[in-house]
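Trainee: Here it is, the structure, as structure tokens.
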Amino acid sequence: MASYSSIAVRELPLFSLPEVVLFPGRPLPLHIFEFRYRIMMNTILNTDRRFGVLMFDPNQGQVASVGCCAEIVQYQRLPDDRIKMLTLGQQRFRVLEAVREKPYLVGLVEWIEDEPPQQDLRPLATEVERLLRDVVHLSGKLMEQNIELPDDIPDLPTELSYWVASNLYGVATEQQTLLEMQNTVARLEREVEILTSTRNHLAARTALKDALE
């Protein structure tokens, strides 16, 4: 086995989920029923309640090498040994190597963080939030519903970038790319592109709907 001197390296039980990308600070409810994962969660509940979540891409047949650590914050044991739990994303990690694979995967991981920003992130964060409000407003108009953004949207740019990324639907590979970025500016800029494209698409559909009516 290679030797890693970094203090930020540890062994972590790993849980892969099809097309699910967990971000720091975001909740992930889980329903554990597979035997090996029940063993895993029972072990984790007796230690520090932390494990790694990795996205499995069914199209590529591959598990991502960068994921997010989850901490079990609530759990409920069901009569047939299944476990329902609520977990919360903590810090991100990169898998360095597999330590063992039975009865479940355990990897040697290193923690990763965003580089310190070289510029004021607030203008970019403000732009992301403005686009988000446009998207929500246009979505509500199309569905003829009053949709409001939740009150708990983070103010801090890095946390906001994770919040937005976690709320993109049906684009797990895009979410994985955002998770792997170690630059808040790059993540927010990519989200500006995604949200601008979504807003323009919704605006065109709204205009068409208005014209037909």
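The values are calculated or read from the model by the stated rules, or taken from the named source; none is laboratory data. Nothing here was measured: the structure is a model prediction, and the numbers come from that model. Only protein heavy atoms, including side chains, enter the accessible area calculation; ligands, DNA and RNA are left aside. Shrake-Rupley method; radii C 1.70, N 1.55, O 1.52, S 1.80 Å.
Trainee: Quick one: which residues, 5 or more positions from Ile147 or on another chain, have an amide H under 5 Å from its amide H? H modelled 1.01 Å from N in the peptide plane, none for Pro or chain starts.
Mentor: Counting only residues 5 or more places away or on other chains, the set is Gly140.
Trainee: Specify the residue with the greatest mean-square fluctuation among Pro18, Pro29, Pro150, computed from a Gaussian network of the chain linking alpha-carbon atoms under 10 Å apart.
Mentor: Result for the chain, Cα springs under 10 Å: Pro150 fluctuates most.
Trainee: A follow-up question, please. Would you pull out the residues with amide H under 5 Å of Leu54's amide H, same chain only if 5 or more places away, H placed 1.01 Å from N?
Mentor: Phe15, Ser16, Leu17
Trainee: A further question follows. Where in the chain are the DSSP H helices whose C-alpha atoms run 27 Å or more along the long axis and whose mean Kyte hydropathy is at least 0.0? Don't skip to the answer; put the middle values down first.
Mentor: On the way: long enough: 122-143 (31 Å, 0.03); 184-212 (42 Å, -0.18).
Span-like helices, by this rule, are 122-143.
Trainee: Percent relative contact order of the chain, based on C-alpha pairs within less than 8 angstrom and at least six residues apart?
Mentor: On the way: 349 pairs, mean separation 47.3, N = 213.
Reported as a whole number, the value is 22 percent.
Trainee: Non-local amide H neighbours of Arg26 (under 5 Å, H modeled in plane, Pro and chain starts lacking H): which ones?
Mentor: Gly89
Trainee: Now for a different question. Give me the Å³ per residue figure for the convex hull around the C-alpha atoms of the chain.
Mentor: Numbers: hull volume 34.5 nm³, N = 213.
For the chain, the hull spanned by Cα atoms encloses 162 Å³ per residue.
Trainee: Further question: Write down the accessible area per residue of the range 93-186 in Å², having rolled a 1.4 Å probe over the full set of protein chains. It would help to have the intermediate numbers written out before the result.
Mentor: Working: 5480 Å² over 94 residues.
About 58 Å² of surface per residue is accessible.
Trainee: While we're here: How much mean residue ellipticity at 222 nm does the chain get from its helices, if each DSSP H run of length 4 or more adds -39500 (n - 2.57) and you divide by all residues, to the nearest 500 deg cm²/dmol? Walk me through the intermediate numbers first.
Mentor: On the way: 5 runs with 81 residues, N = 213.
Helix-only estimate at 222 nm: -12500 deg cm²/dmol.
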